[in-house]
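Down below is the structure, laid out as structure tokens.
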Amino acid sequence: MTEVSKVVATDAALELIETVKAKHGPVMFHQSGGCCDGSSPMCYAQGEFLVGDSDVWLGDIGGAPFYMSKSQYDYWKNTMLIIDVVPGRGGMFSLEGPEGRRFLTRSRVFTEEERRVLGLL
């Protein structure tokens, strides 16, 4: 095993990313840490959300960078985020809101070998 992704997207999520990019141009994601949108990755026009020193880049999905706050990452660092799509409206500021579908974060714990590759052991 040579490479492990911290964030991946399902085919449905990749399709919705392309739909949103066609309407809004390049996009980015930030995993919500709010009480109401905790499982909702927020999709913004690239540069609309200011990423700072307290944010961690997890990787790209569909050509879009994906970030999470460092404090939240410290809690979830042993977990792969799987970005999926379900029916419904996205978070208030998330670009997919009008599409009738929303992004949703699912997860699974990394295997011991994956944690070793990521330097988490």
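The values are calculated or read from the model by the stated rules, or taken from the named source; none is laboratory data. Since the model is a prediction, treat every value here as computed from it, not as a measurement. Note that each Cβ is placed from the backbone with ideal geometry, even for glycine, and that neighbours are counted across all protein chains shown. The area values use the complete protein model at the heavy-atom level, side chains included, leaving out ligands, DNA and RNA. Shrake-Rupley method; radii C 1.70, N 1.55, O 1.52, S 1.80 Å.
Remarks
- Across the chain, Cα-Cα pairs more than 24 Å apart make up 23 percent of the total.
- Net lengthening on full extension, Gln46/Lys77 (0.36 nm per residue, minus Cα-Cα): 8.7 nm
- Averaging Cα coordinates gives a centre for region 79-111 and one for region 2-67; these two points are 9 Å apart.
- A crude spin-label estimate for the pair Ser54 and Ser5, with each label 7 Å from Cα along the Cβ direction, gives 2.9 nm.
- Whole-number accessible area per residue in Å² for the chain, which is evaluated in the context of all protein chains at 1.4 Å: 55
- Compared with the direct C-alpha span, the chain from Arg115 to Val86 gains 7.6 nm at full extension, assuming 0.36 nm per residue.
- Within the accessible area of region 42-107 (1.4 Å probe), percent carbon and sulfur: 55
- Here is the list for region 38-113: GluC sites (Glu not before Pro) lying in DSSP coil, each with at most 14 other C-beta atoms within 10 angstrom of its C-beta, are Glu48.
- For region 51-121, trypsin sites (Lys or Arg not before Pro) meeting the loop criterion (DSSP other than H, G, I, E, B) and having at most 14 other Cβ atoms within 10 Å: Arg89.
- In degrees, nearest ten, helix 11-24 long axis to first principal axis of the chain (Cα): 50
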